[in-house]
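Data block below; observations after.
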Amino acid sequence: MTANPNPITFQRLPRSTAERVLDGRQNLKDLLPEELQEWLISAGQPRYRGAQILRWIYARGVEDFGVMTDLSKDLRQRLNELAIIPSLTLRRSIESQNKDTRKYLFDLPNGGEIESVQMRYQHPEEKGPGRVAVCISSQVGCAMGCNFCASGVMGLKRHLSTWEIVDQVLQIQNSIRDQGERVANVVFMGLGEPLHNYDEVLRAVQLLNLSNGLGIGMRHLTISTSGLVPQIYQLADEGYPIRLAISLHAVRDDLRSQMMPVNQRWNIATLLEACGVYCNKTGRRVTFEYILLDGVNDSEEEAAELVVLLERHKIRSLVNLIPWNPVDGVGYKRSEPRAIKRFQNVVERSGIRCTVRQEKGADIDAACGQLRLRDLKEREKV
Ligand code: SAH
Ligand code: SF4
């Protein structure tokens, strides 16, 4: 097995509460509920203050201590001195023409930028509760180096902190609350490899899930991964019914290793074994993402091999075919619609559900998993 050039086994040490500071003040948005309580207790406050502050931050979208009227004036003043509730700065957002997709570009406090995408299930003029899905980033760039992906080409700039992950959802929730809409689903399919930033992503999951906060159910969260096998086992052991999506993209190891260096470390069989365990432990079907590249991985034979692989590993699965979005300087071509249909038919004939990803927000370049900062910057120059 060839050594993987990427630092994917690099485990970050868990960061303590004392390290979660911004501008010299305790960053309350970067703390889990129990950590917030502990911090308040150490500042001489009763435990229940934590729940009050959490409600202000996540249920009401408030960042200013001055507005938290159920806290005493003295406490509000002390919090102002000791603590901070930061937010990502929205640089701009663009809406697609049919209004079903909006792309957000956020500036990070210590430099760098990330994108998130909001997708509506129904047109705003339609009746019924407005439920929204959000696609978020977990890192600035990505270390995994997949050769078809804009983030892979960029390389890893840095991991996001817990609050920088959660705040993408919170900012979007705050901006749609007045229209009676609510973020109901979150997918980790923006910039980065979520399982490479495991600790912060799992902490973010707990905050997103808070019932007196954003209240996003574990079943409505999807983590997409290129296949970090040890972290898939770790996630299976957490006991959360989170939906797992695997970026498979090839059925033969030689091709997959070429497209995705991670496969040189954990090959297809090792990955599928981990998926089987995930499926059994969580009771959830696993989604397999498959980008279709013209003449590279889109033959009917490969579709049949995909079926054999999934059946051999007895994984309850869904296949999601993704039309590839071109990336500058990358020599692939997206498959013809006919080839996509043929591939889909072969998989479906086996009884495995197979969908083709809808290209939401194509006019604003907001296809989830293909967030292209560079294009947005170019647009800004015009
Ligand atoms: N790193 C994770 C999650 C982010 S990428 C992962 O790889 O799963 C989310 C999805 O978008 C992945 O399935 C990824 O392979 C896919 N993707 C990356 N670049 C793409 C492109 N140019 N066109 C279409 N899908 C792309
Ligand atoms: Fe990273 Fe996913 Fe892109 Fe691969 S496809 S480089 S893992 S973001």
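The values are calculated or read from the model by the stated rules, or taken from the named source; none is laboratory data. Model, not experiment: these values are computed from the prediction. Counting neighbours? That spans all protein chains shown, and the Cβs are built from the backbone with ideal geometry, glycine included. Side chains are part of the model used for accessible areas, which takes the heavy atoms of the whole protein and leaves out ligands, DNA and RNA. Shrake-Rupley method; radii C 1.70, N 1.55, O 1.52, S 1.80 Å.
The rows are residues; the columns are (1) small (Gly, Ala, Ser); (2) open to solvent by less than 10 Å² (accessible area, probe 1.4 Å); (3) within 28 Å of Val132 (Cβ to Cβ); (4) outside any helix (DSSP H, G or I).
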| residue | (1), (2), (3), (4) |
| --- | --- |
| Arg219 | no, no, yes, no |
| Ile223 | no, yes, yes, yes |
| Gly227 | yes, yes, no, yes |
| Asp237 | no, no, no, no |
| Ala245 | yes, yes, yes, yes |
| Ala250 | yes, yes, no, yes |
| Gln258 | no, no, no, no |
| Asn263 | no, yes, no, no |
Checklist entry - Going by the conditions given, is Glu348 surrounded by 18 or more Cβ atoms within 10 Å (Cβ to Cβ), under 23 Å from Thr222 (Cβ atoms), among the charged types (D, E, K, R) and modelled with pLDDT of 95 or more? => result no
Next on the checklist: Show the residue pairs meeting these rules: Cβ distance below 7 Å; 6+ apart or different chains; first residue within segment 145-163 and without any contact (Cβ under 8 Å) to a residue 12 or more places away in the chain; second residue of a type outside the set (Phe, Trp, Tyr) and within 10 Å of ligand 1 (Cβ to nearest atom).
Outcome noted: Gly152/Cys142; Gly152/Met144; Gly152/Cys146
Item to check | Candidate set: segment 317-338, residues that are surrounded by fewer than 18 Cβ atoms within 10 Å (Cβ to Cβ) and of a type in the set (Gly, Ala, Ser); chosen: the one nearest to Gly295 (Cα to Cα) | outcome: Gly331
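Each row is one residue, and each column tells you yes or no for (1) charged (D, E, K, R); (2) out of contact with any Asp or Glu (no Cβ under 6 Å at 6 or more places or on another chain); (3) within 30 Å of Glu302 (Cα to Cα).
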{"residue": "Arg182", "(1), (2), (3)": "yes, yes, no"}
{"residue": "Asp199", "(1), (2), (3)": "yes, yes, no"}
{"residue": "Ser247", "(1), (2), (3)": "no, no, yes"}
{"residue": "Glu273", "(1), (2), (3)": "yes, yes, yes"}
Next on the checklist: Among the listed residues Ser116, Ser137, identify the single one that is crowded, with 16+ Cβ neighbours inside 10 Å and either in a strand (DSSP E or B) or more than 16 Å from ligand 1 (Cβ to nearest atom) (or both).
Outcome noted: Ser116
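Tell me which residues, restricted to segment 51-66, are free of Cβ contacts under 8 Å to residues at least 24 places away in the same chain and either in contact with an Asp or Glu (Cβ under 8 Å, 6 or more places away or on another chain) or farther than 23 Å from Val205 by Cβ (or both). Give the derivation first.
Our first condition is that a residue be free of Cβ contacts under 8 Å to residues at least 24 places away in the same chain; within segment 51-66, this holds for 52, 56, 60, 62, 64-66.
If the condition is that a residue be free of Cβ contacts under 8 Å to residues at least 24 places away in the same chain and either in contact with an Asp or Glu (Cβ under 8 Å, 6 or more places away or on another chain) or farther than 23 Å from Val205 by Cβ (or both), then Gln52, Asp64, Phe65, Gly66 are the ones that fit.
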